[in-house]
There are 4 protein chains.
Amino acid sequence: MNESGRVEAFSDGVFAIAITLLVLEIKVPEGAGDRLWSDLGAMWPSYAAYAVTFLIIGVMWVNHHTVFQCIARVDRTLLFINLILLMGVAALPWPAAVVARYLREGNAAHVALAVYGLFMVFHALAFQAMWWHLTRTGHLFDERVDVVAARATRARFALGSVAYPAAVGLAFVSAPLTLAVHGLLAVYYAFNQVPVPIKAEGVVTEPSGGGK
Amino acid sequence: MNESGRVEAFSDGVFAIAITLLVLEIKVPEGAGDRLWSDLGAMWPSYAAYAVTFLIIGVMWVNHHTVFQCIARVDRTLLFINLILLMGVAALPWPAAVVARYLREGNAAHVALAVYGLFMVFHALAFQAMWWHLTRTGHLFDERVDVVAARATRARFALGSVAYPAAVGLAFVSAPLTLAVHGLLAVYYAFNQVPVPIKAEGVVTEPSGGGK
Amino acid sequence: MNESGRVEAFSDGVFAIAITLLVLEIKVPEGAGDRLWSDLGAMWPSYAAYAVTFLIIGVMWVNHHTVFQCIARVDRTLLFINLILLMGVAALPWPAAVVARYLREGNAAHVALAVYGLFMVFHALAFQAMWWHLTRTGHLFDERVDVVAARATRARFALGSVAYPAAVGLAFVSAPLTLAVHGLLAVYYAFNQVPVPIKAEGVVTEPSGGGK
Amino acid sequence: MNESGRVEAFSDGVFAIAITLLVLEIKVPEGAGDRLWSDLGAMWPSYAAYAVTFLIIGVMWVNHHTVFQCIARVDRTLLFINLILLMGVAALPWPAAVVARYLREGNAAHVALAVYGLFMVFHALAFQAMWWHLTRTGHLFDERVDVVAARATRARFALGSVAYPAAVGLAFVSAPLTLAVHGLLAVYYAFNQVPVPIKAEGVVTEPSGGGK
């Protein structure tokens, strides 16, 4: 396995564990007795937080993989930025649990969703830092990547990250709506992605487009 | 590693973590003192829920693997269906914990097993959605797969998924019996599986039948 | 990756997760204030249960790997036996937590260690079932393996598994001593292992002896 | 996969799981109501313990990988030392949780950070034991490694491990300062590492320097 493959395998492990730990946030209701159906129904914020955060981590995994598909070498800075990004990903079970706990509680719900949104801002910044580092010289890229075109995508990457600060603001308008928006953004990104430009032969838009 | 191999590795990680997190549902009895044997014995619903759910995830892993063995390419839709399927698998420690907590409590036991059964219905639907998507055009399959014959297996796949809604109904008759049925279905599927048809040379029924 | 490689990778994942989940058994003392040193010291059963169980899972991983190194094909029965074995391995954080909780509590300590020992008996039986299945016809083995000689090691495998029932009995004499014996058995097995006989060239005793 | 590759994959799994389990230490505040912002702010020791320990495990993973990159064979002793090292790594969520719980509590904070520092001393000793074993004869190294030069780095390895006992002492001066020092040491080691000497062609300082 080459070096970037090992960093990717470690990152994949963190993504897979974080996504699976999300379930620990969904509690078993205590002393429900004959009211178990209604007690389970009242826990809908837990299910919503689980589903939305699961999609987000899943889509981030795909994006992370698409970027690493184009990397042939790693340096210390890339390792460090990747570690900072994973620090945010691995922490996601916590804001998900905060949202699940406070989604139905007035002001606290606004705060919970704002914190949730700040994590997404953090991820967007970390992804951008990684992309800027990669496109600055391009020496870590696989030779198939068109570095000049890749550098030109920086603005679109940055544009995309405007949505998350807006979602932090939206948290103070409606917490459930904000959670739904995060879910829709994840579905949107699942089917639309900034492609990594490839020399001559075209553009890799589908993860299936480039074997390794 | 090719692209479907990476999706499979990520999925395997989620299966392995979900199956291992099941143990967190088995609690340590508090303040048992001299009654530890009987306190441990009274926890049999936890052991039953653990064993049955462990078998189910294990067999689902084998089935998932058998399907992916025949896939050479992934597209966005397959990635998305797979993510939805994994969302159900990774959640299984929760219905298992609900069953363990309420299996001996009258009406709540019926509800717990109905919820448990609904998760199995969800998995069956997600597996079917994946199989329909794969067999619709067949362009994601390895060239060894006989697409026409594979499409013809759709009905048998659908047939298999009748058992799970029935188990949801059975939950309201007897909760322990329903849990036992889920365990027996898992053992049955461990040794009987809808094969993926292979051109000419025959049929892959054993996971060992096709190297990658 | 060949088929046995994938089963092994899944098994390795379960071993790695179970061994890492052990730490959840070690609790943070509450309200310790100025007595934190002594409160931490009083938790020695947690540390002992962690260390011993960590060694046991680590050594079982090595043994599992040594067996799978010699396997070229898997069938349904092997998959099923392996799943049953993993069901015991993945459950180990629970008996470890029971031991940590009750090691200092009179009669309950004896029960806790007896339960712990029963898990080891379970593992020994599952390993033996796997070895009997493998050596019965030998058709799953790599062609390097000497099947007749391998079958002759069955008795030594069985002999080894006498120690664990004895440890169940010892639990009723002294719980801390029994835990120490389990630790010593793990260290012993770390350096001594029933070798898998190889044709002609000799015997694989060191995991490093046979590449794959 | 060769033998050292499998040990490394297992170790990577343990590193990835331990680093992701850290998040379980960050609790969801109960009954916060309108004070959620301030309640979340008061939890800063949890965030600090998470971030510092995440960096430490991440950097240890890189170091572990750098060492294993140079290993072509494993023996029983190396397996055992590696298992002891992993026993410390996998336990790290616990001292992190102790620090998070007691960082603001007078004397208990000193004890918590001393315990935290002792784990780092343990890791330094385990890494040194591994390095001494590897450089004693050098027969486990890849043939590219310059064994004589590698043996000469022992002193520098030992020198580096003076910092951690000092941090144990510092814990009794200021607990928050000690935690910050641990974080800074991790960042320092992220960018500076004792290189493994390579024959002729020079020295592997960057993980990207040697493919496997």
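Leaving out same-chain residues fewer than 8 places away, which aspartates and glutamates sit with a Cα under 19 Å from that of C:Lys199?
C:Asp142, C:Glu143, C:Asp146
What size of dipole, in debye to the nearest 20, comes out for the protein assembly as shown about its Cα centre when the only charges are +1 on Lys and Arg C-beta atoms and -1 on Asp and Glu C-beta atoms?
Roughly 500 debye for the protein assembly as shown.
Would the protein assembly as shown count as rounded, prolate or oblate if I go by the C-alpha gyration tensor, calling it rounded below 1.5 in a/c and otherwise prolate when a/b exceeds b/c, oblate otherwise? The partial results should precede the final answer.
Working: a/c = 1.05, a/b = 1.00, b/c = 1.05.
Rounded.
What residue among C:Ala129, C:Ala49, C:Ala167 has the largest mean-square fluctuation in a Gaussian network model of chain C, using Cα springs under 10 Å?
C:Ala129
Excluding D:Tyr50 itself, what net charge comes from residues whose Cβ is under 12 Å from its Cβ, given Lys and Arg +1 and Asp and Glu -1?
Net of charged neighbours comes to 0.
Not counting ligands, DNA or RNA, and with a 1.4 Å probe, what is A:Phe54's accessible surface area in Å² rounded to the nearest 10?
Near enough 0 Å² of accessible area.
With springs only between Cα atoms under 10 Å, which of C:Met87, C:Met60, C:Met130 fluctuates most in a Gaussian network model of chain C?
Evaluated over chain C, the most mobile residue of the options is C:Met87.
In straight Cα distance, which aspartates and glutamates are under 17 Å from A:Lys27, not counting same-chain residues fewer than 8 positions off?
A:Asp39, B:Glu25, D:Glu25, D:Glu30
Which value, in Å³ per residue, describes the convex hull spanned by the Cα atoms of the range B:3-205?
In the range B:3-205, the Cα hull volume divided by residue count equals 112 Å³.
Using only the alpha carbons of the range A:48-136, what is the convex hull's orientation-averaged projected area in square nanometres? Can you show the working numbers first?
Working: hull surface 23.0 nm².
Result: a mean projected hull area of 5.8 nm².
Only Cα pairs within less than 10 Å get springs; with that Gaussian network setup on chain A, which residue of A:Thr135, A:Thr66, A:Thr77 has the largest fluctuation?
Maximum among the listed residues: A:Thr77.
Report which residues of the range A:2-22 become buried by 20 Å² or more of accessible surface when going from the isolated chain to the complete set of protein chains (1.4 Å probe; DNA, RNA and ligands ignored).
Buried by 20 Å² or more upon assembly, which counts only protein chains, are A:Glu3, A:Arg6, A:Phe10, A:Asp12, A:Val14, A:Ala16, A:Ile17, A:Ile19, A:Thr20, A:Leu21.
Please compute the per residue accessible area over chain C with all protein chains in place, 1.4 Å probe, rounded to a whole number of Å².
Numbers: 7650 Å² over 212 residues.
In whole numbers, chain C has 36 Å² accessible per residue.
What are the distances, in nm and sorted shortest first, from the label point of D:Thr137 to the label points of the same position in each other copy, with each label point placed 7 Å from Cα along the Cα-to-Cβ direction?
4.2, 4.2, 5.9
Mean residue ellipticity at 222 nm from the helices of chain B, using -39,500 (n - 2.57) per DSSP H segment of n ≥ 4 over the full residue count, to the nearest 500 deg cm²/dmol?
Working: 10 runs with 146 residues, N = 212.
It lands at -22500 deg cm²/dmol.
Could you please state how large a percent of the accessible area of the range A:3-205 is carbon and sulfur, counting protein chains only and using a 1.4 Å probe?
Here it works out to 68 percent.
Once whole DSSP H runs in chain A are found, which of them have Cα atoms spread over 18 Å or more along the helix axis and a mean Kyte-Doolittle score of at least -0.5?
Numbers: long enough: A:3-21 (27 Å, 0.74); A:44-68 (36 Å, 0.96); A:76-91 (23 Å, 1.96); A:106-137 (49 Å, 0.82); A:175-191 (25 Å, 1.48).
In chain A, the long hydrophobic H runs are A:3-21, A:44-68, A:76-91, A:106-137, A:175-191.
Within 10 Å of each Cβ in D:58-70, how many Cβ atoms from other chains are there, averaged over the peptide?
2
What is the set of long-range amide H partners of D:Val196 at a cut-off below 5 Å, with H atoms built 1.01 Å from backbone N?
Residues meeting the criterion, in which the H sits 1.01 Å from N, are D:Val204.
The values are calculated or read from the model by the stated rules, or taken from the named source; none is laboratory data. These numbers were taken from a predicted model, which means no experiment stands behind them. Quick reminder, even Gly has a Cβ in these numbers, built from the backbone with ideal geometry, and neighbours come from all protein chains shown. Ligands, DNA and RNA are excluded from the accessible area calculation, which covers all protein heavy atoms including side chains. Shrake-Rupley method; radii C 1.70, N 1.55, O 1.52, S 1.80 Å.
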